[in-house]
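Down below is the structure, laid out as structure tokens.
Here, each number is a calculation from the coordinates, and none is a lab measurement. If you're wondering where the values come from, they're calculated on a predicted model, not measured in any experiment. A quick note on method: Cβ atoms are made from the backbone with ideal geometry, for glycine too, and the neighbour counts reach across all protein chains shown.
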Amino acid sequence: MQINITARHLKLTDAIDSYVRQKISKAGKFFTGDEVWAHVILSVEKNREITEITFYTGGKTFRVKEENEDLYASIDLALDKLNKQLRKQKEISKIHRKANLKVSKSKKVKIEDVFSYDTMHDSRTKISEIKRFDVKPVSIDKAIEEMDSLNYRVYMFLNEDTEKINVLYRNDSGSIVMLEPEL
């Protein structure tokens, strides 16, 4: 985990630096990976010691700000707030993960239950697998980005503008074609 510390209007001592890094590392235990980083801004304004923490983990950004007369107290208060946010996010993730697991288990269908292989002799007409996924409303631009990032030739999505299922595919010339139903 990458930790950046910025000091404004105060000297960043080794003691403060190690204290902040130790505390942020403990907060980072909730999330692991390369895309986890924190930026801590320590500043002094008049008699107030201000701690601002921006914590980023894989698409989620958490921000906290605390002020106190004591720098260490403001750091501790900010980290308490951050830990509360991170714990809440982790719990929400667990709940969604369990719900998605239940849904995906219920979506499993044996291919034999859907098609009879006895009637299908040509290998081009046989379905080798069925992929099921949740569709979420996205814009066309986001769908194209997702299709390119996943390196798919075909991508199905729920168009947030029309609220209809659309399909994008890349033809042999490399251009993208969109299929949109007419009702």
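Here are the numbers for the structure shown:
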item: Two-site label geometry, K29 and S175: point separation in nm, points 7 Å out along Cα→Cβ; result: 5.7
item: Sorted by Cβ neighbour density within 10 Å, fewest at the top, the residues T57, T162; result: T162, T57
item: For the range 128-168: rounded, prolate or oblate by the Cα gyration tensor [a/c cutoff 1.5]; result: oblate
item: Length released on extending from Y19 to D134, taking residue separation times 0.36 nm less the Cα-Cα span; result: 37.0 nm
item: Cα-projected label distance for W37 with M156, points at 7 Å along beta-carbon direction, nm; result: 3.8
item: Scattering curve values for the range 2-102, log₁₀ I(q)/I(0), Debye with Cα scatterers, q = 0.13, 0.18, 0.19, 0.22 Å⁻¹; result: -0.47, -0.81, -0.88, -1.12
item: Cβ-Cβ FRET estimate between Q2 and R63, R0 fixed at 22 Å, reported to 0.05; result: 0.85
item: Exposure proxy order (Cβ contacts within 10 Å, fewest to most) of R170, R87; result: R87, R170
item: Karplus 3J(HN,Hα) series, Hz, for the range 18-29 with 6.51 cos²θ - 1.76 cosθ + 1.60 (x for Gly, Pro); result: 5, 4, 5, 4, 5, 5, 5, 4, 5, 5, x, 5
item: Charge dipole (debye, nearest 20) of the range 2-102; +1 at Cβ of Lys and Arg, -1 at Cβ of Asp and Glu; result: 800
item: Links that overshoot a 30 Å alpha carbon limit, given the list K26/K131; K60/K136; K26/K142; result: K26/K131; K26/K142
item: Nitroxide proxy distance, nm - points 7 Å out along Cα→Cβ at I165 and K88; result: 3.6
item: Per-residue Cβ neighbour rank within 10 angstrom, fewest leading, I92, I144; result: I92, I144
